[in-house]
Amino acid sequence: MTLVSSRQSESVAAWSASISDAEQPQIPYRLGIALCAGVLLWLGPYFGTATVLLPGRVAIIDPGNKANIIAMLSISAMVVATVANILIGALSDLTRSRLGRRTPWLIAGSVGSAAMLILMGRAESVTMLLVEWCIFQVFLNAIVAPLLAVISDRIAPAHRGTISSIYAFGFTLGIYGGQFINARFLGDLSTGFVSMAVLILLSGPLAALIMREASSQSMPRRVLNRDMVLDNFSIPRRNARDYYLALFGKLMITTATFAIQGYQLFILTDYLKVTQDEVGHQIELISIILMVTALGMALVAGPISDKLGRRKGPVALAGLLVAIGALVPFFSTQPWTMLVYALIAGIGSGIFNSVDQALNVEVLPNAETAAKDLGVLNLANTGGQILGPAIAAIAISAIGYQMIFPTVAVVALIGVAMIAMIRSVR
């Protein structure tokens with residue numbers, strides 16, 4: 001039997017999502033680097049803007065109502081991002097061009113996102129800032145959805161854990177690095193917005209240049225009819241049991257992670273009684289532990305997952321570690337318990353971030369609608385960031401801060417149970 005060459009197989013797989021382990025015997029590190037660079041260069045500017053630059057701009061425009069305005073911007077962004085993620089993912093799946101299915105959207109998304117960041121840095125009214133922030137979400141998701149789909153398009157099953165780990169490395173650097181770098185621009189917001197615009201402008205084009213997507217012009221075109229619309233512009237309807245278990249399992253584990261992180265300051269001051277003089281140092285230590293463990297797991301978790309040929313087990317283990325870490329502060333009110341939480345849950349989160357994308361790809365009902373379906377799965381991240389603090393607030397109101405920890409553990413274990421119920425993936 002003659003094997004297809006690596007270059008030929010990648011050319012076909014660029015749009016067919018059919019590349020096999022035999023056709024891609026070597027780990028495609030070039031694609032991993034493209035994904036890492038792409039996610040780092042959009043997530044860093046986005047996270048830094050959302051947490052530092054945008055609140056800073058709001059404080060200048062309307063300092064008296066800044067809390068309410070930030071809440072309005074967050075809700076609006078969530079709604080727009082949800083719609084844009086699905087819509088643009090679907091359009092990307094249907095794109096037929098010389099540059100491929102993903103590259104045109106990556107480039108357009110980067111240019112549009114950069115333009116919106118520059119305009120936001122000059123916004124003089126809340127209305128203008130809201131409009132620009134929402135348009136920014138549309139362009140941003142033109143990077144997010146197509147970039148994730150590359151794992152389905154061009155990575156053979158045997159290498160998906162490793163490539164997901166490389167993606168997770170860029171993802172983690174983007175989260176922590178974006179906030180750290182943008183904090184330096186608090187005294188000069190305009191320069192901050194321009195700097196982030198330059199970085200995000202590089203995201204799509206750099207990723208596209210490195211991964212060199214093949215033309216999708218020869219890919220069969222879908223006829224516009226009812227089935228085509230339902231397949232490409234709605235949530236999966238057939239053979240999707242494991243897909244939805246992965247979706248809601250991901251939502252539960254993400255919710256458990258953000259429930260504690262969202263109330264970290266108040267847990268330290270009101271529950272663990274850390275003094276105001278020490279709380280900043282404690283938060284810094286927790287952040288360092290979370291970052292180091294996440295980056296460390298990004299280097300090893302995915303390759304180990306590939307070596308074992310397992311996705312479900314590592315993701316379930318990750319959720320279990322989040323649950324175990326959350327219970328540590330329940331049994332003691334000593335400040336060190338949050339450091340132990342950060343260590344155990346940080347390892348869990350690092351494993352989760354590194355292997356979950358590989359699991360997501362392998363439960364897709366239809367590889368030809370990968371960008372849209374992965375976009376829906378990715379909404380569990382946004383949902384968890386919102387649902388986590390809400391669940392924590394309910395627990396605090398009902399019993400007190402101590403109740404957060406068993407509540408989080410139960411939520412994480414529900415996620416573990418859902419992941420364990422998946423049948424089609426080992």
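The values are calculated or read from the model by the stated rules, or taken from the named source; none is laboratory data. Quantities reported herein were computed from a predicted structural model and do not represent experimental measurements. Neighbour counts run over all protein chains shown; Cβ positions are idealised from the backbone, glycine included. When the accessible area is computed, the model is the full protein with side chains, heavy atoms only, and any ligands, DNA or RNA have been set aside. Shrake-Rupley method; radii C 1.70, N 1.55, O 1.52, S 1.80 Å.
For this structure, a couple of remarks:
- Hits in the stretch 239-259 (condition: of a type in the set (S, T, N, Q) and in a helix (DSSP H, G or I)): T254, T255, T257
- For S216, the requirement of being in a loop (DSSP other than H, G, I, E, B), polar (S, T, N, Q) and buried (at least 18 other Cβ atoms within 10 Å of the Cβ) is met.
- Filtering the stretch 389-413 to residues that are under 18 Å from A246 (Cα atoms) and open to solvent by less than 30 Å² (accessible area, probe 1.4 Å) leaves V411, A412.
- Considering only residues in the stretch 219-242 that are open to solvent by less than 30 Å² (accessible area, probe 1.4 Å) and touching a helix residue (DSSP H, G or I) at 6+ places or on another chain (Cβ under 7 Å), the one that is modelled with the lowest pLDDT turns out to be N232.
- Scan of the stretch 161-194 for residues that are of a type in the set (G, A, S) and either in contact (Cβ under 8 Å) with a residue 60 or more places away in the chain or surrounded by 21 or more Cβ atoms within 10 Å (Cβ to Cβ) (or both), ordered by number: G161, S164, S165, A168, G170, G174, G177, G178, A183, S190, G192
- Selected residue (criterion: surrounded by the most Cβ atoms within 10 Å (Cβ to Cβ)) from residues of the stretch 104-140 that are of a type in the set (D, E, K, R) and outside any helix (DSSP H, G or I): R122
- Taken together, the criteria exclude L299 from residues that are at pLDDT 90 or above, within 24 Å of V363 (Cα to Cα), open to solvent by 50 Å² or more (accessible area, probe 1.4 Å) and not charged (D, E, K, R).
- Criterion applied to L247, L251, L317, L268 was being of a type in the set (A, V, I, L, M), touching an Asp or Glu at 6+ places or on another chain (Cβ under 9 Å) and in contact (Cβ under 8 Å) with a residue 12 or more places away in the chain, and the one residue passing it is L268.
- Evaluation of L201 against (1) modelled with pLDDT under 95; (2) in contact with a helix residue (DSSP H, G or I) (Cβ under 6 Å, 6 or more places away or on another chain); (3) in a helix (DSSP H, G or I) (one fails), failing number: (1)
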